[in-house]
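I have placed the structure first, in the form of structure tokens, so that the comments after it can refer back to it.
The values are calculated or read from the model by the stated rules, or taken from the named source; none is laboratory data. These numbers come from a predicted model, not from an experiment. Here the Cβ positions follow ideal geometry from the backbone for every residue, glycine too, while neighbour counts run over all protein chains shown.
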Amino acid sequence: MLIADPLFYTVAIPAVLLTGISKGGFAGALGGIGVPLMALAISPVQAAAILLPVLCLMDVVGFHAYFRKWDTANLKIMLPGALLGILAGTLSFGMLSEDAIRILIGTIAVAFTLNNWLGLAAKQAPAGPAVVKGTFWSMVAGLTSFLAHAGGPPVMIYLLPQRIDKVRYVATASAFFLVVNAVKLVPYASLGQLSRDNLTTSLVLAPLVPLGVRLGMWLQDKIDIVWFYRISQICLLVTGLQLMYQGMARLFV
């Protein structure tokens, strides 16, 4: 039956809005915050199941807004790796610890951001699409996205050093997650995660989607490229710290 607990909606509404803003304007930099916020009121597994259809709707809105503005060369590298990551997540469902994965990806995200802030990355020329690097980080993104909808940080780690135009950057991430989340529907359904109760709750939250995504697009349009990357890196750091805290808090209780 539909979740009626007021606490759930107290955390679910900001979770959906923040995720929409992140997807619409900052390439999913704070996308990983949705499941942990909702998990304050329900189990992480159910939170991920409820959020997936909402994410798919966000992807459709974002895809329409950024149609054909993506970087095709990067997507050709990233999508095969992501599919491998989703396959790994499907085969290992129930075997891998979500919290251990959160700690790992959170640590990587924090380390990447600190590396940039310490000036080490500034000494390097902007990177370009790379098959090995892109496949690896996209595979990590596919796995972490499957487990906890936390695929944003690995994608940022691969794309941010390329310093591509902010619209192309967001469009590439939007197209990437459109495919990733659509593919995830199949294993989620086969594993019994898309129950009628979960889907009904997703439908209740759906009206927040266009508001969040459009707000994110508006914010992105108002911010210049320098601040765009600064804010993206701050979001990456916050997401990394939040994932580490969430993982350790649950793992060591």
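The set of residues from the range 51-70 being within 12 Å of the chain's Cα centre (by Cα) and surrounded by fewer than 21 Cβ atoms within 10 Å (Cβ to Cβ) comprises just one member, 56.
The set of residues in the range 224-239 being farther than 21 Å from residue 149 by Cα and either in contact (Cβ under 8 Å) with a residue 24 or more places away in the chain or touching a strand residue (DSSP E or B) at 6+ places or on another chain (Cβ under 9 Å) (or both) consists of 225, 228, 229. Within the range 126-142, identify whether any single residue is loosely packed, with under 14 Cβ neighbours inside 10 Å, touching a Pro at 6+ places or on another chain (Cβ under 8 Å) and over 20 Å from residue 98 (Cα atoms), and answer yes or no. Yes, the conditions are met somewhere in the range 126-142.
What tally of residues in the range 59-82 results from selecting those that are charged (D, E, K, R) and not in a helix (DSSP H, G or I)? If you could, list the steps in order and put the result at the bottom.
Residues of the range 59-82 charged (D, E, K, R): 59, 68-69, 71, 76.
In the following step, the residues that additionally are not in a helix (DSSP H, G or I) were identified as 68-69, 71.
Going through the range 59-82 one residue at a time, the tally reaches 3.
Being more than 17 Å from the chain's Cα centre (by Cα) and surrounded by 15 or more Cβ atoms within 10 Å (Cβ to Cβ) is a property that residue 208 has. Are any residues in the range 193-242 among the acidic types (Asp, Glu) and either modelled with pLDDT of 80 or more or under 24 Å from residue 53 (Cα atoms) (or both), and if so, which ones? Listed by number, the list holds a single entry, 197.
Restricting attention to the range 63-120, which residues are more than 20 Å from residue 241 (Cα to Cα) and of a type in the set (Asp, Glu)?
Filtering the range 63-120 for residues more than 20 Å from residue 241 (Cα to Cα) gives 63-96, 119-120.
Correct list: 71 only.
Can you work out which of the residues in the range 25-50 that are β-branched (Val, Ile, Thr) and assigned to a helix (DSSP H, G or I) is modelled with the lowest pLDDT?
Narrowing the range 25-50 to residues β-branched (Val, Ile, Thr): 33, 35, 42, 45, 50.
Imposing the further condition that a residue be assigned to a helix (DSSP H, G or I) reduces the set to 33, 35, 45, 50.
Working: 33: 72, 35: 80, 45: 80, 50: 96.
My answer is 33.
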